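Working notes, structure below.
Bear in mind these aren't lab numbers, they're just calculated from the coordinates by the rules spelled out. Note that the structure is predicted; figures quoted are calculated from it, not measured. Cβ placement follows ideal geometry from the backbone for every residue including glycine, while neighbour counts extend to all protein chains displayed.
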Amino acid sequence: MLQMNGLSKIYRTEVVETYALRDFSMDVKEGEFVAVTGPSGSGKTTFLTIAGLLEEFTSGEYRLDGVDVRGLNDYRRSRLRNEKIGFIFQAFNLIGDLNVQENIEVPLRYRGMSGAERRRCVHEALERVGLSARARHYPSELSGGQQQRVAIARALAGRPRVLLADEPTGNLDSHMARGVIELIEELHRGGATIVMVTHDPELAVRAQREVHVVDGQVVDFVAPPRLAAGLEARS
Amino acid sequence: MFGYYTTLAVRGLRSQAALTLLIIVAVGVGIGASMTTLTIYRGMAADPIPEKSLRLFTPQIDNFGPSGSKGPAGRDGLQDRLTYTDTIALLRAHAAFRQAAMYATQRVLMPGDPTLRPFDTSVRATSGDFFAMFDVPFLYGVGWTSQDDADHAQVAVISRDLNDRLFGGMNSVGRSLTLDGREYRVVGVMDRWQPLPRFYDLDRAFDMPEDVFLPFNVAIERKMEFGNINCRKAVGGFDDILSGECVWAHFWVELPTAAAVAQYRRFLANYATEQQRSGRFQWAARTRLRNVQEWLAYHHVVSNEVSMLVAVSFSFLFVCLLNAAGLLLAKLIGRAPEISVRRALGASRRAIFAQCLLEAGLVGLLGGLVGLLLTSMGINGLRSLVSDEGRALLHLDAVDVGIAVALGVLATLVAGIYPTWRTARLQPARQLKTL
């Protein structure tokens with residue numbers, strides 16, 4: 001689903017070159033739930049923005065759902081991003097001027113869906129996150145947990161091939177965070193491919209697989225304790 | 001997507017409302033200033049008789065030669081009026097489809113109503129063809145005939161205003177008018193007619209037409225003096241002016257076809273050559289035949305000052321638009337988080353560019369409307385400062401409205417291109433990392 005091979009991202013100024021990612025390789029299979037962890041500045045978010053086609057990489061190879069994204073123009077990258085990727089941000093990033101329904105419609109608008117089709121997709125997505133009754137509410141009228149659920153509904157509405165989540169519980173208290181992570185797990189059980197960037201070990205253990213990034217490189221593939229414990233019990 | 005972008009543009013106006021208002025005011029003030037001067041310019045530069053301006057011509061003859069006075073027009077050494085000798089010769093030759101000699105004078109009018117005091121009134125002495133040639137509209141009656149010209153008939157055509165003043169607006173055809181103690185029979189009352197600029201006599205280009213029109217021959221017979229005279233040599237009285245080389249009469253002809261124009265040019269050149277041969281002109285014969293549009297350009301009816309004023313006001317509009325561009329940039333950069341989210345959700349740069357440009361266009365439309373309001377206020381303000389004649393120049397018509405609105409939209413779109421381009425080029429990754 002998401003294959004990166006020998007990827008590097010270099011930020012250049014006149015005097016210095018900084019490697020945000022260096023020889024970064026990663027393969028996420030369809031239906032996998034992967035946590036990408038690492039300390040601050042390790043390159044987690046750069047990985048996510050490159051994976052989400054929001055940023056170009058300097059060298060290496062990246063295939064998204066079989067499509068080689070290198071050299072695609074902005075229009076095709078945007079189209080691919082719209083169709084294949086759903087973003088869940090730490091800060092929710094809902095548009096304050098739009099109500100819940102309109103927020104969820106945004107990616108569908110750019111896909112050129114008809115009004116009826118959009119309404120059906122929005123309805124289904126809101127059903128999945130349990131916020132059908134809040135369609136006309138504005139983000140400011142919702143709690144943090146509810147806003148993140150709306151953001152998840154927005155990510156889901158276009159039925160993307162992969163969900164990219166950046167610290168999805170980072171701005172939530174523990175109670176709300178639990179609800180959101182349970183929702184993400186539920187989506188995964190439903191077959192969604194999820195890549196989640198986090199520096200929270202407790203969150204990382206909920207994933208099937210953890211990829212640890214340090215200084216822009218994948219340093220370790222670690223089986224999360226819960227999964228490792230499960231494997232031990234089975235053996 | 002146009003409908004969606006329009007909805008977003010309307011919402012965009014409401015967000016950062018203060019900034020939006022500043023942009024609208026900046027555009028509006030620029031449009032208001034430039035449109036006010038442009039309206040004046042358009043009024044002055046308008047074609048006063050569009051349906052005929054290419055068929056009406058005025059001849060010029062070099063009466064003074066290279067050493068003589070350059071006259072009021074002066075740029076090519078030709079006088080813009082004719083001598084009496086030439087005027088009569090051209091009238092008698094009758095080489096044009098229609099022709100009219102004319103000059104302006106001022107006479108004392110004695111109202112028939114004894115309760116009214118005598119007053120000075122503006123008079124134009126001219127030929128009967130004047131009215132048909134210049135498509136003068138009549139409220140009552142008609143102009144006099146060529147036969148009346150030949151017969152030196154004591155007839156007059158009066159303006160609607162004078163008819164209102166003397167006869168209470170009633171049909172005065174057949175009634176008498178007393179000028180300088182002599183009676184003239186009213187044969188026609190003109191309806192409202194104000195060609196601007198008053199092309200047939202540009203001495204007072206933006207004045208109303210005269211109140212009384214009399215036959216040219218009659219005015220000469222009565223020795224009604226002329227307004228503007230230019231003589232090669234100093235002369236004495238009225239008769240000396242008629243017989244001397246003094247230019248004072250305007251002359252207009254109507255030439256309906258290109259062949260007629262060519263023929264009249266030849267006639268005019270031949271006439272001047274004859275004058276040279278006869279010894280009247282001691283220099284190479286020179287003539288010109290200019291139509292209305294060429295005549296207005298020749299006389300620089302739109303003064304350089306007005307053109308400069310328009311240029312200055314459009315420079316001011318440019319400064320306003322630079323400000324608007326800066327404000328628009330600030331407004332759009334302020335929306336960077338939203339735009340980054342849209343990019344993340346699949347909006348291409350092209351889509352963001354279109355959305356932002358539409359918003360700029362909408363701001364421009366509102367700026368244009370504000371500009372229109374300010375133009376209207378400016379025009380009304382100026383109208384209160386100028387004479388009745390000047391007021392006719394100062395009005396907003398549908399074309400002005402269209403120009404103001406289109407200028408607002410276009411100018412803001414141009415001003416909005418850079419901010420919009422910058423916004424569309426925002427790096428969503430960088431923005432989203434900081435959110």
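Looking only at other chains, what is the average number of their beta-carbon atoms within 10 angstrom of each beta-carbon in A:99-107? Spell out each step's value before the answer.
Values: counts 0, 0, 0, 2, 2, 0, 2, 8, 5.
If you average over the peptide's residues, the count of other-chain Cβ atoms is 2.
Quote the convex hull volume per residue of chain B, based on C-alpha atoms, as a whole number of Å³.
Numbers: hull volume 83.8 nm³, N = 435.
So the per-residue Cα hull volume is 193 Å³.
Please check chain B for the longest run free of GluC sites (Glu not before Pro) that are loop-located per DSSP (anything but H, G, I, E, B) and have at most 16 other Cβ atoms within 10 Å.
Values: sites that count: B:E51, B:E225.
After excluding every exposed loop site, the longest remaining stretch is B:226-435.
Enter the Cα centre distance for the pair segment A:141-192 and segment A:37-86, rounded to the nearest angstrom.
Their Cα centres are 21 Å away from one another.
What are the ³J(HN,Hα) values, in whole Hz, obtained from phi via the Karplus relation 6.51 cos²θ - 1.76 cosθ + 1.60 with θ = phi - 60°, for each residue of segment A:7-17 in sequence order, with x given for Gly and Pro?
6, 9, 9, 10, 9, 10, 10, 5, 10, 9, 10
About the Cα centre of segment B:68-210, what is the dipole size in debye to 20, counting +1 per Lys and Arg Cβ and -1 per Asp and Glu Cβ, all else neutral? Intermediate results must be reported in sequence, preceding the final value.
Numbers: 16 positive and 19 negative charges, 25 e Å.
In total the dipole reaches around 120 debye.
How are the Cα pair distances of segment B:63-254 distributed, in percent, across 10 Å bins from 0?
9, 36, 36, 15, 4, 0
Which whole-Hz ³J(HN,Hα) couplings does segment B:209-224 yield from phi under the Karplus relation 6.51 cos²θ - 1.76 cosθ + 1.60, θ = phi - 60°, glycine and proline marked x?
In residue order, the calculated couplings are x, 5, 8, 10, 10, 10, x, 4, 4, 5, 5, 5, 4, 7, 6, 6 Hz.
Can I get the semi-axes of segment A:117-164's equivalent ellipsoid? Compute them from the C-alpha gyration tensor as square roots of 5 times the eigenvalues, in angstrom, largest first. All intermediate terms of the calculation are to be shown ahead of the outcome.
On the way: eigenvalues 62, 35, 12 Å².
So the three semi-axes of segment A:117-164 are 18, 13, 8 Å.
Only Lys, Arg, Asp and Glu count, each charged at its Cβ (+1, +1, -1, -1), so figure out the dipole size of the protein assembly as shown about its Cα centre, rounded to 20 debye.
Details: 74 positive and 70 negative charges, 267 e Å.
About 1280 debye.
Please list the non-local residues whose amide H lies under 5 Å from the amide H of A:T58, H modeled 1.01 Å from N, same-chain partners needing a gap of 5 or more.
Residues meeting the amide H criterion: A:S8, A:K9, A:I10.
So, in Å, what gap is there between the alpha-carbon centers of segment B:161-230 and segment B:329-366?
64
Per DSSP H run of n ≥ 4, the term is -39500 (n - 2.57); total these for chain B, divide by its residue number, and report the mean residue ellipticity at 222 nm rounded to 500 deg cm²/dmol.
Values: 16 runs with 222 residues, N = 435.
So the calculated ellipticity at 222 nm is -16500 deg cm²/dmol.
I need B:M308, A:M113 ordered by Cβ neighbour count within 10 Å, fewest first. The partial results should precede the final answer.
On the way: B:M308 11, A:M113 17.
Going from least to most buried by this count: B:M308, A:M113.
Across chain A, what fraction of all alpha-carbon pairs, as a whole percent, falls in each successive 5 Å bin from zero upward?
Going out from 0 Å in 5 Å bins, chain A shows 1, 7, 14, 18, 19, 16, 12, 8, 4, 1, 0, 0 percent.
So if R0 is 41 Å, what FRET efficiency would A:S140 and B:R391 give, r being the distance between their Cβ atoms, rounded to the nearest 0.05?
Values: r = 55 Å, r/R0 = 1.34.
Plugging the Cβ-Cβ distance into 1/(1 + (r/R0)^6) gives 0.15.
Report the gain in length on full extension from B:S176 to B:I417: 0.36 nm times residue separation, minus Cα-Cα distance, nm rounded to one decimal. Intermediate values should be presented prior to the final figure.
Numbers: separation 241, 0.36 × 241 = 86.76 nm, distance 6.88 nm.
Length difference between fully extended and current span is 79.9 nm.
I need the calculated FRET efficiency for the pair B:E294 and B:F119, taking r as the beta carbon distance and R₀ as 41 Å, to the nearest 0.05. Intermediate results must be reported in sequence, preceding the final value.
Details: r = 37 Å, r/R0 = 0.91.
Working from the Cβ atoms, E equals 0.65.
Taking the Cα centre of chain B as the origin and placing charges on Cβ (Lys, Arg +1; Asp, Glu -1), which of B:Q60, B:I417, B:F119 is farthest toward the positive end of the dipole?
Farthest towards the positive pole: B:I417.
For chain B, return all DSSP H helices satisfying: extent of Cα atoms along own axis at least 30 Å; mean Kyte-Doolittle hydropathy at least 1.0.
Numbers: long enough: B:17-45 (40 Å, 1.64); B:304-334 (44 Å, 1.75); B:349-383 (49 Å, 1.13); B:398-424 (36 Å, 1.37).
Correct list, ordered by number: B:17-45, B:304-334, B:349-383, B:398-424.
Using just the alpha carbons, could you tell me how many Å³ per residue the convex hull of the protein assembly as shown encloses?
241
What size of dipole, in debye to the nearest 20, comes out for chain A about its Cα centre when the only charges are +1 on Lys and Arg C-beta atoms and -1 on Asp and Glu C-beta atoms? Working shown, then result.
Numbers: 30 positive and 32 negative charges, 167 e Å.
The dipole of chain A has a size of about 800 debye.
Per residue of B:334-344, count partner chain C-beta atoms within 10 Å of its C-beta, then hand back the mean as an integer. Show your work: numbers first, answer last.
Working: counts 0, 2, 0, 4, 7, 1, 2, 11, 7, 7, 16.
Taking the mean over all residues of the peptide, I get 5.
Got a sec? Charge dipole of segment B:63-254, +1 on Cβ for Lys and Arg, -1 for Asp and Glu; which of B:F216, B:Q79, B:F131 is way out at the positive end?
Farthest along the dipole direction, towards plus: B:Q79.
In what sequence, highest mean first, do B:405-416, A:132-143 appear when ranked by Cβ atoms within 10 angstrom? Numbers along the way, then the final one.
On the way: B:405-416: 21.3, A:132-143: 14.2.
Packing proxy ranking, top to bottom: B:405-416, A:132-143.
Mind giving me the FRET efficiency for B:L21 and A:N5? R0 is 60 Å, r the Cβ-Cβ distance, nearest 0.05 is fine. Walk me through the intermediate numbers first.
Details: r = 53 Å, r/R0 = 0.88.
Approximately 0.70, to the nearest 0.05.
Could you work out how much longer the chain between B:S303 and B:V235 gets when fully extended? Use 0.36 nm per residue separation minus the Cα distance between them, nm to one decimal. Let's see the in-between values first.
On the way: separation 68, 0.36 × 68 = 24.48 nm, distance 3.27 nm.
Contour length minus Cα-Cα distance gives 21.2 nm.
Could you work out the relative contact order of chain B? I mean the mean sequence separation of Cα pairs under 8 Å and 6+ apart, divided by the number of residues, in percent. Write out the running numbers ahead of the final one.
On the way: 750 pairs, mean separation 123.6, N = 435.
In percent, rounded to a whole number, it is 28.
Extension gain B:A93-B:E274, at 0.36 nm per residue separation less the Cα-Cα distance, in nm? Could the numbers behind the result be given before it?
Numbers: separation 181, 0.36 × 181 = 65.16 nm, distance 1.36 nm.
Going from the current span to full extension adds 63.8 nm.
In segment A:112-154, whose amide N lies under 14 Å from the spot 7 Å out along Cα-to-Cβ of A:H175? List them in ranges.
Counting backbone N atoms under 14 Å from the label point, the list is A:143-146.
Restricting attention to chain B, give the cysteines that have no other cysteine Cβ less than 4.7 angstrom from their Cβ.
B:C320, B:C356
Quickly rank B:378-384, B:350-356 as a protection proxy: mean count of other C-beta atoms within 10 Å, highest first.
Working: B:378-384: 15.1, B:350-356: 20.3.
The densest-packed peptide leads the list: B:350-356, B:378-384.
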